[in-house]
1. Within region 283-313, restricting attention to residues that are modelled with pLDDT under 95 and over 17 Å from GLY241 (Cβ atoms), which residue is least open to solvent (accessible area, probe 1.4 Å)?
2. What pairs come up if the first residue lies in region 116-136 and is under 15 Å from ARG95 (Cα atoms), the second is open to solvent by less than 80 Å² (accessible area, probe 1.4 Å) and in a helix (DSSP H, G or I), and their beta carbons are under 6 Å apart, counting only those six or more places apart or on different chains?
3. Please work out which residue is nearest to THR292 (Cα to Cα), limiting yourself to region 326-338 and to residues that are open to solvent by 80 Å² or more (accessible area, probe 1.4 Å) and not in a helix (DSSP H, G or I).
4. Give the residues of region 224-256 that are within 20 Å of ASP160 (Cα to Cα) and among the small types (Gly, Ala, Ser), sorted by residue number.
5. Open to solvent by 40 Å² or more (accessible area, probe 1.4 Å), touching a strand residue (DSSP E or B) at 6+ places or on another chain (Cβ under 6 Å) and at pLDDT 95 or above, is that true of LEU121?
6. Residues that are under 30 Å from ASN217 (Cα atoms): find the strands (runs of 3 or more DSSP E) completely inside region 91-202 holding 2 or more of those.
7. Please enumerate the residues belonging to region 72-104 that are in contact with a Cys (Cβ under 7 Å, 6 or more places away or on another chain) and among the aliphatic types (A, V, I, L, M).
Amino acid sequence: MSRSVAKRGLLLACAAALAVSAGATDTSGLQQQTQPRISLLAGYLQEKNSAEPAGGLPQTAWKDIRAFQLLRAAEGHPLEPSVSGLSCPEPAVCRRQFGDEVVFWTAGNGALALHKSVDALSKRSDFSSLGKPLTSEYAQGTVYRTDFENGSLIRVPELDRVMTWDPEIAGSAVVIGDSQAGPGTWVDQGLAELGYRTVLRGAGGTGYVQGNGTIGNYYTALTRQQWVLPWGTPKLVVLEGGGNDASNASDTEIAEAAENMIREARRTYPQSRLVMVGVISSGLDSAGSRRTAVDTLLAGVARSQGVEFLSVGDWWSRFSLGEHREHDGRHFTEAGHQAAGHILARELGTLLSSG
């Protein structure tokens, strides 16, 4: 193979890769555009390789980002004007923002373009395990995906939200709840017994109305991305809780907030089955009467919204689970979580099979 043919093949491969990095999903017709693209790419390579790097790594990053900027313009996908200078928080990592895009540079991968919302999320400590980006953002149907070393993030313009990529979402139950629905709890164990892989979101001390001082209520935490949901269509979506609202919110506040959360859950997962699990307590004639009243209130909200509801407002007494509570009187011991998990699997399984 002659050097000119090899160079032409290399430039064609570069053109295809750069078309994908710019958001294109169809590279058919690339052969017809070969000569113009080769000229543009030759100019790009000349810009990238002209002059020696001056001043070390940031200068190298600056040159690569500048060349990337020129190439995007030549390819018909120009970057917007820059809104920040070159920032290099790590020795081999630099960023510069252009409009809504952040050009992310590493010594190994060169310059890539991320949406600013994806970049912001990837910098959070709870997403540090993702590692560095491997691709520019690219279209995947109606959403936009960015691949990282250890996962992917999905930008969903329709929801104005970034979501995680989860290849196992189709067989999963996404749970939004309070401390009753954390890892290893009776809600988690019960769903696992029914065969669901659980994806747990929410936080202790929160509810439909109540936040815990760090994390907002369910709706606020979701819409502000204090916790992030997976993209796709889970088999089941569970809204659990309301106990933290019992002593801090009125019936009207709880009902309105629950309705908002139902609408948002349906907007996020329109094809998934949605179920609500109420507030675990002992019954109206007990010290937990307000908790049971909120359970009854949420049952009414669910009924008015056409959502399946599992009432648990008398379970402590009905199933003799009260003896398995911690000293706070609201949370289960390890044995209690196990016992209640079996009951949840039975009762929720009956509800799901009858629907």
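The values are calculated or read from the model by the stated rules, or taken from the named source; none is laboratory data. Bear in mind that the values here come from a model prediction, so they are computed numbers and not experimental data. For neighbour counting, all protein chains shown are included, and Cβ atoms are generated from backbone atoms with ideal geometry for every residue, glycine included. The area values use the complete protein model at the heavy-atom level, side chains included, leaving out ligands, DNA and RNA. Shrake-Rupley method; radii C 1.70, N 1.55, O 1.52, S 1.80 Å.
1. GLY283
2. LEU121/PHE127; SER122/LEU130; SER136/SER21
3. As a first pass, look at region 326-338 and keep what is open to solvent by 80 Å² or more (accessible area, probe 1.4 Å): 326-327, 330, 334, 338.
When the remaining residues are screened for being not in a helix (DSSP H, G or I), the result is 326-327, 330.
Values: GLU326: 19, HIS327: 19, ARG330: 12 Å.
My answer is ARG330.
4. GLY232
5. Numbers: open to solvent by 40 Å² or more (accessible area, probe 1.4 Å): no; touching a strand residue (DSSP E or B) at 6+ places or on another chain (Cβ under 6 Å): yes; at pLDDT 95 or above: yes.
Spelling it out, it is not the case that LEU121 is open to solvent by 40 Å² or more (accessible area, probe 1.4 Å), touching a strand residue (DSSP E or B) at 6+ places or on another chain (Cβ under 6 Å) and at pLDDT 95 or above.
6. Numbers: elements: 93-98, 101-106, 110-115, 138-140, 143-148, 151-156, 161-164, 172-177, 197-202.
Strands (runs of 3 or more DSSP E) meeting the threshold: 110-115, 143-148, 151-156, 161-164, 172-177, 197-202.
7. Of region 72-104, the ones in contact with a Cys (Cβ under 7 Å, 6 or more places away or on another chain) are 86-88, 94.
Selection gives LEU86 alone.
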